[in-house]
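None of the figures in this text is laboratory data; all of them are computed from the coordinates on show. Because the structure is predicted, anything quoted here is derived from the model rather than measured. Because the Cβ atoms are built from the backbone with ideal geometry, glycine has one as well, and the counts that use them run over all protein chains shown.
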Amino acid sequence: MKIGIVCYPTFGGSGVVATELGIALADNGHEVHFITYNQPVRLDFLSHHLHFHQVVIEEYPLFQYQPYELALSSKMVDVVEKYQLEVLHVHYAIPHAYAAYMAKQMLQEKGLNIKVVTTLHGTDITLVGSHPTYKTAVEFSINNSDVVTAVSNNLKSTTNKLFKINNDIQVIYNFIDTEKYDKAHQQKCNRIAIARPKERILTHISNFRPVKRVEDVVRIFAEVRKEIPSKLLMIGEGPERIKAENLAHQLKVAADVLFLGNSSEVAKILCYSDVFLLPSQTESFGLAALEAMAASTPVISTNTGGLPEVNIHGETGFLSNLGDIEDMAKNTISILKDNSTLAMFKEKAKAHTKKFSLENILPSYEAIYKSCSKTS
């Protein structure tokens, strides 16, 4: 099939999932066209099955804010026409679902019927989409998509609570390419470059937005470090990074906290890790937690959003109430206290990711695309 994928080309979860999905579809013989303003960060190659079309935004003095939605809709129309796409799969409701609806209407004027699949990822619904400024447009876009999916049961439930949804929402979990993490672990993991032999390594990966509560990560680490020699790897960039750095200095742990910035080598970094910290205010799914588990890293997280669907309390890690630093630190210490306990949690975390393997999830999306082509 010929499939268009629209996403944010960033390090965030929705962009990562969309890019990995497109690559997997291309590997399965589908023709995939990415339509966005920059080449997605994990799309490091192109082929005859994999294409990228850049949305160019012209600047006009008349506009205080450049109308990206108009440029995106026009680009969708151009790509669908030129390459005879059958399905547009848009990730994130704002502005992609709305832009896809406009593109669909323009294409119908030309006698073309494109199907739109919208995947909801989380903050497009819980933080942005529910805002009065956008709520009506988001609700309209969801209800006028041909197929709607959500990445967790929690997100589906939240969407139905916040909006008047007439469309059925199918739950398709985010997935992980387990082979990629297996290969990373097969390579030599030079832990000595990060920590001394008896030190444990804790890791956090995010976009450092307020919802990720990166200061809580530093506080948890400071408590753990009182009992267990350890290092903390902070991967990512964002508005809360400076606060986290300042807090590390205030708590006198800065020498053991490494801020490494953004990275496309997540699998290699996680091979160093003993525990992954994710004290988020909310996670619609928790892709970062799943990536950690794929790298045999148990997860300490909050029990919010879709995290309980990913992180199994007492097996793959532990769940705690939002903001309960003491409990999260205690749980971390309980995992790290001896090698046999850590090995057990690592094994269970890795085993659990089979449920979310690419091989299990990809057919669900392919079935949706096929159902769309049958109703064209």
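Specify which residue in the list 207, 238, 190 is farthest towards the positive end of the charge dipole of region 143-242, using unit charges on the beta carbon of Lys, Arg (+1) and Asp, Glu (-1), about the Cα centre.
After comparing all options, I get 190.
Cβ neighbours within 10 Å, averaged per peptide: list 361-374, 194-207 in order, most packed at the top.
On the way: 361-374: 15.6, 194-207: 19.3.
My ranking of the peptides, most packed first, is 194-207, 361-374.
Report the one residue of 372, 286, 328 whose Cα lies farthest in the direction of the positive end of the charge dipole of region 238-376 (charges on C-beta: Lys and Arg +1, Asp and Glu -1; origin at the Cα centre).
372
How do 140, 356, 52, 345 rank when sorted from fewest to most other Cβ atoms within 10 Å of their own Cβ? Let's see the in-between values first.
Working: 140 14, 356 20, 52 17, 345 24.
So the ranking, lowest neighbour count to highest, is 140, 52, 356, 345.
Between 317, 29, 305, which gets the highest mean-square fluctuation from a Gaussian network model of the chain, Cα cutoff 10 Å?
29
Using a Gaussian network for the chain with springs between C-alpha atoms less than 10 Å apart, which of these wobbles most: 311, 190, 160?
Answer for the Gaussian network model of the chain: 190.
How big is the dipole moment of the chain about its Cα centre under a simple scheme where the beta carbon of each Lys and Arg is +1, that of each Asp and Glu is -1, and everything else is neutral? Debye, nearest 20, please. Don't skip to the answer; put the middle values down first.
Numbers: 38 positive and 40 negative charges, 129 e Å.
The dipole magnitude comes to about 620 debye.
Per the helix-only calculation at 222 nm, which mean residue ellipticity applies to the chain, given -39500 (n - 2.57) for every DSSP H run of n ≥ 4 and division by its residues, nearest 500 deg cm²/dmol? Intermediate values should be presented prior to the final figure.
Working: 15 runs with 157 residues, N = 376.
Helices in the chain give a 222 nm mean residue ellipticity of -12500 deg cm²/dmol.
Given the options 54, 16, 105, identify the residue whose Cα lies farthest towards the positive end of the charge dipole of the chain (+1 on Cβ of Lys, Arg; -1 on Cβ of Asp, Glu).
Highest projection toward the positive end goes to 16.
With 29 Å as the cut-off, how large is the P(r) tail for region 178-356, expressed as percent of Cα-Cα pairs? Don't skip to the answer; put the middle values down first.
On the way: 1550 of 15931 pairs.
Tail of P(r) above 29 Å: 10 percent of Cα pairs.
Counting other C-beta atoms within 10 Å, which of 156, 110, 243 has the fewest, and how do the rest follow?
Details: 156 22, 110 10, 243 14.
By the 10 Å Cβ count, ascending, the order reads 110, 243, 156.
Quick one: 3J(HN,Hα) in Hz for region 347-353, Karplus 6.51/-1.76/1.60 with θ = phi - 60°, rounded, Gly and Pro as x.
Result, ordered by residue: 5, 5, 4, 4, 4, 5, 6 Hz.
Indicate the gyration tensor shape class of region 108-177 (rounded, prolate or oblate), computed on the Cα atoms with a ≥ b ≥ c the square roots of the eigenvalues: a/c under 1.5 is rounded; otherwise a/b larger than b/c is prolate and the rest oblate. Before the final figure, lay out each step's value.
On the way: a/c = 2.01, a/b = 1.21, b/c = 1.66.
The shape class here is oblate.
If contacts are Cα pairs under 8 angstrom and at least 6 residues apart, what is the relative contact order of the chain in percent? The partial results should precede the final answer.
On the way: 712 pairs, mean separation 50.8, N = 376.
For the chain, the relative contact order is 14 percent.
What's the ranking of 226-233, 259-266 by average number of surrounding C-beta atoms within 10 Å, highest first? Spell out each step's value before the answer.
Values: 226-233: 18.2, 259-266: 14.1.
Final packing ranking: 226-233, 259-266.
Give the aspartates and glutamates reachable from residue 252 as a straight Cα distance under 19 Å; neighbours fewer than 8 places away on the same chain don't count.
The reachable aspartates and glutamates, counting only those whose Cα sits under 19 Å from residue 252, are 199, 215, 216, 223, 227, 240, 326.
Would you mind calculating the relative contact order of region 178-356 from Cα pairs under 8 angstrom and at least 6 residues apart, reporting the percent as a whole number? Before the final figure, lay out the partial values.
Details: 328 pairs, mean separation 41.0, N = 179.
Computed over region 178-356, the figure is 23 percent.
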